[in-house]
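Chemist: Take this structure, written in structure tokens, and hold onto it; I'll ask about it next.
Every number in this text was worked out from the coordinates using simple rules, so none of it is lab data. Keep in mind that this is a model prediction, so the values were computed, not measured. We place every Cβ from the backbone using ideal geometry, glycine too, and count neighbours over all the protein chains shown.
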Ligand SMILES: [Zn+2]
């Protein structure tokens, strides 16, 4: 079963690559089928095997020899590994279904933001609506508590904090970041949204300094903040309560 879950994750990952490539160009993610971006030759089924095709073809297009970015198999592997992680932690139930969709959409946002410094509204909306559906389903089917005030509080705290930064930084923080952190606040609620923001700024600061020191980026270059928000969010989503508990009771005593 685990192998099946992993392969399923890689296949979905292959579709995520299509989304990352096409959504910023406003192209359909369904038609036409996948083709080489250089020579436009439509790919056959054996060119589309996740990861394996890349290995067999030694990272080049079969038709024109153009280099294929190793990011394609990396995204496939990443999604496969995350699905495996979810399967081991949650089994195959509503939780798996919910988390796998959220994480996959976030992978798409992650790479689109790195490539284009934009966070498509449509994708944030998908995450937001998907979470509302999950909260309603959990309430009626799993009898989980529904603390709407807490979710709205999380949304407000995240969004207001970022709007302040948006104003203070004179637009250095994008509108997409504000919407994304608002959605994260709604998903996590209080107090986990605070951890999300703390982790994201820590990580963003550390990585930015690293990129500047090693001259991968120059001072004026834009650095997408979405990826840091997403990493902070996922840590808070899966381990948020443990980390906060540990901090309050072990560190502060
Ligand atoms: Zn080609």
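Chemist: When you count, for each residue, the other Cβ atoms within 10 Å and take the mean per peptide, how do 52-62, 189-199 rank with the highest first?
Modeler: 189-199, 52-62
Chemist: OK, next. Work out the FRET efficiency for residue 43 and residue 2 from their Cβ-Cβ distance, taking R0 = 35 Å, and round it to the nearest 0.05.
Modeler: 0.80
Chemist: Please report how far the C-alpha centroid of the stretch 116-136 lies from that of the stretch 1-18, rounded to the nearest whole angstrom.
Modeler: Spelled out, the Cα-based centre of one part sits 21 Å from the other.
Chemist: When the helix-only estimate is applied to the chain (DSSP H runs of n ≥ 4, each -39,500 (n - 2.57), divided by the residue count), what is the mean residue ellipticity at 222 nm, nearest 500 deg cm²/dmol?
Modeler: When only DSSP H runs of four or more count, the value is -22500 deg cm²/dmol.
Chemist: With contacts defined as alpha carbon pairs under 8 Å and 6 or more residues apart, what's the relative contact order of the chain in percent?
Modeler: 17 percent
Chemist: Using a Gaussian network model of the chain with C-alpha springs under 10 Å, which one of 188, 152, 212 is most mobile by mean-square fluctuation?
Modeler: So, out of 188, 152, 212, the one fluctuating most is 212.
Chemist: Taking the chain as the reference, fit the longest principal axis to its C-alpha atoms, fit the long axis of helix 148-168 to the helix C-alpha atoms, and give the angle between the two in degrees, 0 to 90, nearest 10.
Modeler: 80 degrees
Chemist: Here's a follow-up. Given contacts defined as C-alpha pairs under 8 Å and at least six residues apart, what's the relative contact order of the stretch 116-253, whole-number percent? It would help to have the intermediate numbers written out before the result.
Modeler: Working: 129 pairs, mean separation 35.2, N = 138.
So the answer I get is 26 percent.
Chemist: Mean separation of Cα pairs under 8 Å and 6+ residues apart, divided by the residue count of the stretch 191-244: what relative contact order is that in percent?
Modeler: In percent, rounded to a whole number, it is 61.
Chemist: With the crude spin-label approximation of a point 7 Å out along Cα→Cβ, what separation in nm comes out for residue 170 versus residue 223?
Modeler: Once both label points are built, they end up 2.0 nm from each other.
Chemist: Among 140-147, 8-15, what's the highest-first ranking by average C-beta atoms within 10 angstrom per residue?
Modeler: Taking the mean over residues of other Cβ atoms within 10 Å, the ranking is 8-15, 140-147.
Chemist: Something else now. What order, most packed first, do the peptides 17-25, 200-208, 64-72 have when packing is the mean number of other Cβ atoms within 10 Å of each residue?
Modeler: For the peptides 17-25, 200-208, 64-72, the packing ranking is 17-25, 200-208, 64-72.
Chemist: Let me ask you something else. Relative to the longest principal axis of the C-alpha atoms of the chain, give the angle of the C-alpha long axis of helix 94-116, reported between 0 and 90° and rounded to the nearest 10°.
Modeler: For 94-116 against the chain, the angle is about 70 degrees.
Chemist: Quick check: convex hull over the Cα atoms of the chain, volume per residue in Å³, rounded to an integer?
Modeler: Dividing the Cα hull volume of the chain by its residues yields 165 Å³.
Chemist: Where does helix 192-213 land angle-wise versus the long Cα axis of the chain, in degrees 0 to 90, nearest 10?
Modeler: 50 degrees
Chemist: How large is the Kirkwood hydrodynamic radius of the stretch 1-92, in angstrom, based on all distinct alpha carbon pairs?
Modeler: 13.9 Å
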